[in-house]
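Student: Please see the structure below; I have some questions.
Read-outs throughout are calculated quantities, based only on the coordinates presented, and are distinct from any laboratory measurement. It should be emphasised that the depicted structure is a prediction, and the values quoted were computed from it without experimental measurement. No Cβ is skipped: glycine too gets one built from the backbone with ideal geometry, and neighbour counts run over all protein chains shown.
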Amino acid sequence: MTNEQIAIRQWLSKPTPYSAPCGCLGPREGEPDCPCAMRWIEKVHDSWYRIREHRSSDGITYSVEKIEEVY
Ligand SMILES: [Zn+2]
């Protein structure tokens, strides 16, 4: 399995995040994004991956984007 596949599997094993306006004061230490955005981000083998959900008439698909180091 690739890191991307692992990231999706990890993410799917958790409750689906809801969308809400961001009221965070920025990322927590050691994390690439603020806490609400972290609900869409998984850590696999010390790399961060952002999950995106795509809804269409064919169903739901997911894409994963690796986040480059930010700190
Ligand atoms: Zn936020």
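Student: Which pairs turn up if I take residues in segment 3-28 that are touching a residue at least 40 places away in the same chain (Cβ under 8 Å) and look for partners that are of a type in the set (K, R) and exposed (fewer than 14 other Cβ atoms within 10 Å of the Cβ) with beta carbon separation below 8 Å, at least 6 apart in sequence or on another chain?
Tutor: As it stands, the answer is N3/K66; E4/K66, since those pairs meet every condition given.
Student: Could you list, in sequence order, all residues of segment 12-33 that are surrounded by 10 or more Cβ atoms within 10 Å (Cβ to Cβ), within 27 Å of M1 (Cα to Cα) and more than 9 Å from the ligand (Cβ to nearest atom)?
Tutor: L12, P17, E31, P32
Student: Here is a follow-up. For segment 34-52, what are the residues that are part of a strand (DSSP E or B), surrounded by 13 or more Cβ atoms within 10 Å (Cβ to Cβ) and either without any contact (Cβ under 8 Å) to a residue 40 or more places away in the chain or within 16 Å of the ligand (Cβ to nearest atom) (or both)?
Tutor: I41, E42, K43, W48, R50, I51 - these are the residues of segment 34-52 that are part of a strand (DSSP E or B), surrounded by 13 or more Cβ atoms within 10 Å (Cβ to Cβ) and either without any contact (Cβ under 8 Å) to a residue 40 or more places away in the chain or within 16 Å of the ligand (Cβ to nearest atom) (or both).
Student: While we're looking at this one, here's another question. Can you tell me how many residues within segment 1-33 are among the polar types (S, T, N, Q) and part of a loop (DSSP other than H, G, I, E, B)?
Tutor: 4
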